[in-house]
Amino acid sequence: AQRVTQPEKLLSVFKGAPVELKCNYSYSGSPELFWYVQYSRQRLQLLLRHISRESIKGFTADLNKGETSFHLKKPFAQEEDSAMYYCALIPLGGTSYGKLTFGQGTILTVHP
Amino acid sequence: ETGVTQSPTHLIKTRGQQVTLRCSSQSGHNTVSWYQQALGQGPQFIFQYYREEENGRGNFPPRFSGLQFPNYSSELNVNALELDDSALYLCASSFFRGGADTQYFGPGTRLTVL
């Protein structure tokens, strides 16, 4: 079975500081990894996914298969980045198709 | 493009009752997944529907059941409600391509079981 761990429930940084939200996963096969974000009073929305290798709102994430991690990074945090961030995984192949497994989430607060 | 919609927004039921939650998928999507999000937790996969059939199920008992209709909308039914069923229920739609398709979420239905 797959598992996603986000070790930090809360993360606080000041505006302009670098930010890294940690995500570790366990899965024996090949996964596709996602970061979803939920801003205050808004629905859960996709921030980025590994396969597209895009930088969205200045965020990037690198899949490290050796360390089984998919940490989310941004060099200069903005106040509007304050939100709940979820890391999630879908197994590629097997019988778990379509099943997104989420971590418990990290609340990021960016102070002015 | 119309996003995923869910109804109702909030619902209060008592233990033992039955509830039906509804979801309309985003235009162009043919697959619907349901998730349960307890307070302070990440969403947990309940099941997915594609071509009006269940296409994968998480670790939820049979009293959680669903339907998908020809227009790709979906219902989640929960029988014999328990207090622990109190949660935010999220619906997500996607277009089935046979891989790790991106899922787009609705705003959720907040269910409270008293």
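Read the figures in this text as sums done on the coordinates, not as results from a lab. Not measured: the values here are computed from a predicted model. Virtual Cβ from ideal backbone geometry, glycine too; neighbours counted across all protein chains shown.
What does the extension gain come out to for B:Glu52 and B:His10, with contour length at 0.36 nm per residue minus their alpha carbon separation?
That works out to 12.5 nm of additional length.
Take the cross-link list A:Lys9/A:Lys65; A:Lys9/A:Lys99; A:Lys15/A:Lys99; A:Lys9/A:Lys73 and give me the ones stretching past 27 Å between alpha-carbons. Let's see the in-between values first.
Working: A:Lys9/A:Lys65 23 Å; A:Lys9/A:Lys99 23 Å; A:Lys15/A:Lys99 35 Å; A:Lys9/A:Lys73 16 Å.
Table pairs above 27 Å Cα-Cα are A:Lys15/A:Lys99.
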Students often get this wrong: which residues of segment B:70-91 have the backbone nitrogen under 12 Å from the point 7 angstrom along Cα-to-C-beta of B:Ala38? B:83-88
Residue-count net charge about B:Leu67 - beta-carbon cut-off 12 Å; Lys, Arg +1, Asp, Glu -1: -3
Taking θ = phi - 60°, what integer Hz values does the Karplus form 6.51 cos²θ - 1.76 cosθ + 1.60 yield along segment B:33-50, in sequence order, with x for Gly and Pro? 10, 10, 9, 10, 10, 6, 4, x, 10, x, x, 10, 5, 9, 6, 10, 10, 9
Pick from B:Arg57, B:Arg22, B:Arg97 the residue whose mean-square fluctuation is largest in a GNM of chain B, springs joining Cα atoms under 10 Å. B:Arg97
Where labels lie 7 Å past Cα in the beta-carbon direction, separation of B:Gln17 and B:Asn79 in nm: 1.8 nm
How many nm is it between the label spots at A:Arg3 and A:Met84, if each spot is 7 Å from the Cα in line with the beta carbon? 2.2 nm
For A:Glu8, what residues show an amide H to amide H distance below 5 Å, using hydrogens built from the backbone and excluding near sequence neighbours? A:Lys22
For segment B:56-62, in residue order, the Karplus 3J(HN,Hα) values (coefficients 6.51, -1.76, 1.60; θ = phi - 60°; whole Hz; Gly and Pro = x) are x, 9, x, 8, 10, x, x
